[in-house]
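Okay, so here's the structure we're looking at.
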Amino acid sequence: MNVENIKREIGKVVKIDEDEFESIIKKFTMISLKKNEIWEEEGKISQWMGFVDKGMLRQYYTKNGNEFTDSFFSENDFIGNYISYLSKSPSTTITIALEPCELIVIPFRTIEELYITNPIVEEFSKKVGEFKIFEMNKRNASLLMDTPEERYYALVEQKPDLINRVPQYLIAQYLGIKPESLSRIRKRHLS
């Protein structure tokens, strides 16, 4: 298991020395997902936190047979439905691999156990949680106040790799627009 990427990303959030990192990383395991393999299922209580070392995943809701894309996760993103775990309530989302993926994963309960022996883990968890709340708030505000074109340009700026790696209809779904509208926006963008 190559841990350099996760070590670098943790280091961006908290100051961690080599011994602390080594004691924590031993609790992680590596898993591989095939394209279209589900990582987290709707209706089940989430148990795992992961780090995307390779690949891309999509998190989405379903209602009446329709899908609604909530998030995309790619290399160096932390992923996991901590709200489901904390509340002991079934997840309302599905997380699926859009491409073959390699994830470095750890059970949420192990993270909580590490809070006692490694206070840096609790600090890291708190900061990542705060970041996720910030991102969720920013996305909600954008869906309410920005035009579809503004949302598209923000996505291109923030996650340019998505445009070439994710099917158009899923990008449109994420932006809250119809695929035809996305095509028109992209044509104007390329002009």
- Task: Scan region 145-184 for residues that are aliphatic (A, V, I, L, M) and more than 21 Å from residue 67 (Cβ to Cβ) and report the count.
- Result: 3
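Name the residues in region 59-81 that are surrounded by fewer than 18 Cβ atoms within 10 Å (Cβ to Cβ) and within 23 Å of residue 138 (Cβ to Cβ), would you?
Once the filter is applied, which keeps residues that are surrounded by fewer than 18 Cβ atoms within 10 Å (Cβ to Cβ) and within 23 Å of residue 138 (Cβ to Cβ), region 59-81 yields 61, 67, 68, 70, 71, 75, 76, 77.
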- Task: For region 16-48, name all the residues that are closer than 28 Å to residue 176 by Cα, of a type in the set (A, V, I, L, M) and touching a helix residue (DSSP H, G or I) at 6+ places or on another chain (Cβ under 6 Å).
- Result: 45
- Message: Filter region 133-172 down to the residues that are under 30 Å from residue 86 (Cα atoms), free of Cβ contacts under 8 Å to residues at least 12 places away in the same chain and of a type outside the set (A, V, I, L, M) and list them by number.
- Response: 134, 135, 137, 138, 139, 140, 158
- Residue list for region 83-103, filter: within 21 Å of residue 128 (Cβ to Cβ), in contact with a Phe, Trp or Tyr (Cβ under 7 Å, 6 or more places away or on another chain) and part of a strand (DSSP E or B): 95, 103
- Item | Of all residues in region 101-136 being loosely packed, with under 13 Cβ neighbours inside 10 Å and hydrophobic (A, V, I, L, M, F, W, C), the one that is farthest from residue 15 (Cα to Cα) | 136
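Residues 139, 184: which one is at pLDDT below 95 and over 30 Å from residue 13 (Cα atoms)?
On the way: 139 fails: over 30 Å from residue 13 (Cα atoms).
Going through 139, 184 in turn, the sole match is 184.
Taking residue 24 as the residue in question, decide whether it is more than 30 Å from residue 164 (Cβ to Cβ), within 16 Å of the chain's Cα centre (by Cα) and modelled with pLDDT under 95.
Considered against the rule, which asks whether it is more than 30 Å from residue 164 (Cβ to Cβ), within 16 Å of the chain's Cα centre (by Cα) and modelled with pLDDT under 95, residue 24 comes out as no.
Just one of 116, 106 is assigned to a helix (DSSP H, G or I) and either among the aliphatic types (A, V, I, L, M) or within 20 Å of residue 75 (Cα to Cα) (or both); which is it?
Details: 106 fails: assigned to a helix (DSSP H, G or I).
Residue meeting the stated conditions: 116.
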- Task: For residues that are outside any helix (DSSP H, G or I) and surrounded by 13 or more Cβ atoms within 10 Å (Cβ to Cβ), scanning just region 142-181, find the one that is modelled with the lowest pLDDT.
- Result: 159
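The values are calculated or read from the model by the stated rules, or taken from the named source; none is laboratory data. Computed from a predicted model, the values in this text were never measured in an experiment. Neighbour counts are summed over all protein chains in view; Cβ atoms, including those assigned to glycine, are modelled from backbone coordinates with ideal geometry.
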